[in-house]
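A short write-up of the structure that comes next.
The values are calculated or read from the model by the stated rules, or taken from the named source; none is laboratory data. Predicted, not measured: the structure shown is a model, and the values here were computed from it. We place every Cβ from the backbone using ideal geometry, glycine too, and count neighbours over all the protein chains shown.
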Amino acid sequence: MSAKIRKIGVWVEETHSEGGKAVSPPTRKAVAAAVIENPYAGQYVEDLSLLMDIGADLGALLGARCVAALGITPDQAESYGKAAMVGENGELEHAAAILHPKMGAPLRKAVEKGAALVPSSKKRGGLGQDLDIPLGHKDAAYVRSHFDAIEIRFNDAPRANEILVAIAVTDSGRPLPRVGGLKAGDALGEDGLR
């Protein structure tokens with residue numbers, strides 16, 4: 001692992017009731033997040049390949065932690081997402097370097113397949129700021145029941161020279177979905193859309 005990790009956090013959120021109606025089985029979302037040193041904080045660097053390699057390492061590590069936290073097999077994962085927040089001395093491009101070029105392949109391996117694009121967000125922030133991780137069905141982007149998000153935060157991150165990186169994985173869509181569209185069970189997962 002090329003990243004200098006200060007801390008890792010893992011959360012599982014279960015929704016048992018929505019709008020006064022029971023959700024059975026509960027919908028579950030897991031997030032695994034790492035707070036890492038930003039090797040390029042406070043300086044402009046043309047070649048961001050080190051952050052791209054870190055993205056690959058974190059895609060595998062955090063994706064596997066999410067699947068394990070849910071207690072599922074990789075093929076049982078239904079949706080995923082990723083996000084990064086740079087501290088004040090970082091650039092948004094540092095977050096992009098972690099999230100985009102190399103993180104997807106190891107994350108897809110952790111959740112088995114993953115034909116759809118991985119929804120993502122990036123931002124700059126400070127200590128205790130919330131990070132929203134968008135979610136979408138891992139194999140078929142048109143599955144509306146899985147358009148969702150989850151929010152996390154560390155009270156002490158990201159520091160000015162750090163990056164908070166998070167991956168979320170679910171074993172289901174939103175609780176009690178009813179806005180129509182392609183159903184997860186009908187998705188083919190061949191083109192990433194349907």
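Here A64 qualifies as within 16 Å of W11 (Cβ to Cβ), part of a helix (DSSP H, G or I) and either among the β-branched types (V, I, T) or out of contact with any Gly (no Cβ under 8 Å at 6 or more places or on another chain) (or both). Only residues that are of a type in the set (S, T, N, Q) and either at pLDDT below 95 or crowded, with 20+ Cβ neighbours inside 10 Å (or both) were counted in region 121-173, giving 3. Close Cβ contacts (under 6 Å, 6 or more residues apart or on different chains) running from residues in region 175-194 that are touching a residue at least 60 places away in the same chain (Cβ under 8 Å) and under 24 Å from G20 (Cα atoms) to residues that are surrounded by 15 or more Cβ atoms within 10 Å (Cβ to Cβ) and of a type in the set (S, T, N, Q) comprise P175/T27. Taking region 1-57 as the range and being closer than 15 Å to S172 by Cβ, without any contact (Cβ under 8 Å) to a residue 12 or more places away in the chain and hydrophobic (A, V, I, L, M, F, W, C) as the test, only A22 passes. Condition check: without any contact (Cβ under 8 Å) to a residue 60 or more places away in the chain and in contact with a His (Cβ under 6 Å, 6 or more places away or on another chain). Does H137 satisfy that? Against the criterion (without any contact (Cβ under 8 Å) to a residue 60 or more places away in the chain and in contact with a His (Cβ under 6 Å, 6 or more places away or on another chain)), H137 qualifies.
One line per residue, one yes/no per condition, for (1) in a loop (DSSP other than H, G, I, E, B); (2) closer than 16 Å to A60 by Cβ:
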{"site": "I98", "(1), (2)": "no, yes"}
{"site": "A105", "(1), (2)": "no, yes"}
{"site": "K109", "(1), (2)": "no, yes"}
{"site": "S121", "(1), (2)": "no, no"}
{"site": "L127", "(1), (2)": "yes, no"}
{"site": "D132", "(1), (2)": "no, no"}
{"site": "E151", "(1), (2)": "no, no"}
{"site": "D156", "(1), (2)": "yes, no"}
{"site": "R174", "(1), (2)": "yes, no"}
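Taking region 103-119 as the range and being closer than 16 Å to A149 by Cα and surrounded by fewer than 21 Cβ atoms within 10 Å (Cβ to Cβ) as the test, only L117 passes. Inspect region 63-81 for any residue being within 18 Å of E162 (Cβ to Cβ) and surrounded by 17 or more Cβ atoms within 10 Å (Cβ to Cβ) and give the result as yes or no. For region 63-81, residues within 18 Å of E162 (Cβ to Cβ) and surrounded by 17 or more Cβ atoms within 10 Å (Cβ to Cβ): absent.
The one condition from (1) more than 22 Å from T15 (Cα to Cα); (2) at pLDDT 95 or above that D191 does not meet is (2). Selection of region 23-59 for residues being surrounded by 17 or more Cβ atoms within 10 Å (Cβ to Cβ) and among the small types (G, A, S) yields A30, A32, A33, A34, A41, G55, A56, G59.
Is it the case that region 71-84 has a residue that's of a type in the set (S, T, N, Q), part of a strand (DSSP E or B) and within 24 Å of A116 (Cβ to Cβ)?
In the first step, residues of region 71-84 are kept if they are of a type in the set (S, T, N, Q); the result is 73, 76, 79.
With the extra rule that they be part of a strand (DSSP E or B), the set shrinks to 79.
When the remaining residues are screened for being within 24 Å of A116 (Cβ to Cβ), the result is 79.
Looking for residues that are of a type in the set (S, T, N, Q), part of a strand (DSSP E or B) and within 24 Å of A116 (Cβ to Cβ), one finds at least one in region 71-84, hence yes.
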